[in-house]
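The structure appears right after this line, and notes come after that.
Since every read-out is calculated from the coordinates, none of them should be taken as a lab result. Please read all numbers here as calculations on a predicted model, not as lab measurements. All Cβ positions, even for glycine, are placed from backbone atoms using ideal geometry, and neighbour counts span all protein chains on display.
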């Protein structure tokens, strides 16, 4: 087990993860704390919405959920770097499609170098330069 920071649209939650080759597995109980979805007999549930998980191969193993399978089930993009101990689950694709139609960036929260959190909505009406970097 190793520690992994799971970012859900900017909200960081530290979860225990098992990394095997390229798969990242997190305890099903921690899915609720990180993403708000609870595993119940009827499926993965959030409020009145339940998504069946029965019969989805590769999603569950020994009380753990495959992070990539979970993102796929929820219709959300996933970017992860197990070596760095971080994963980002983006907003649902239907929100992305709405954003494309309105040309307004969805709100997100990220820390600066001092750890202070900033949200995009704080800067609405102002020009913002967002610099992103990736090692690949």
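Compute and list, largest first, the equivalent-ellipsoid semi-axes of the stretch 23-123 from the alpha carbon gyration tensor, each √(5λ) rounded to a whole angstrom.
Working: eigenvalues 142, 66, 33 Å².
Semi-axes from the Cα gyration tensor: 27, 18, 13 Å.
Derived from the Cα gyration tensor, the three semi-axes of the equivalent ellipsoid of the stretch 12-77 are 18, 14, 11 Å, largest first.
Against the chain, whose longest principal axis comes from its Cα atoms, helix 93-102 is set at around 20 degrees.
Take peptides 101-107, 62-68, 18-24 and line them up by average Cβ neighbours within 10 Å, highest first, as a rough protection proxy. Walk me through the intermediate numbers first.
Working: 101-107: 10.3, 62-68: 17.4, 18-24: 13.4.
Put in order of decreasing packing, that is 62-68, 18-24, 101-107.
The mean sequence separation of alpha-carbon pairs under 8 Å and at least six residues apart, normalised by the residue count of the chain, gives a relative contact order of 20 percent. With contacts taken as Cα pairs under 8 Å and at least 6 residues apart, the stretch 65-108 reaches a relative contact order of 26 percent.
Kindly provide the helix-only [θ] at 222 nm of the chain, computed as the sum of -39,500 (n - 2.57) over DSSP H runs of four or more divided by all residues, to the nearest 500 deg cm²/dmol? Mind showing how you got there, number by number?
Values: 3 runs with 26 residues, N = 136.
Mean residue ellipticity at 222 nm (helix-derived): -5500 deg cm²/dmol.
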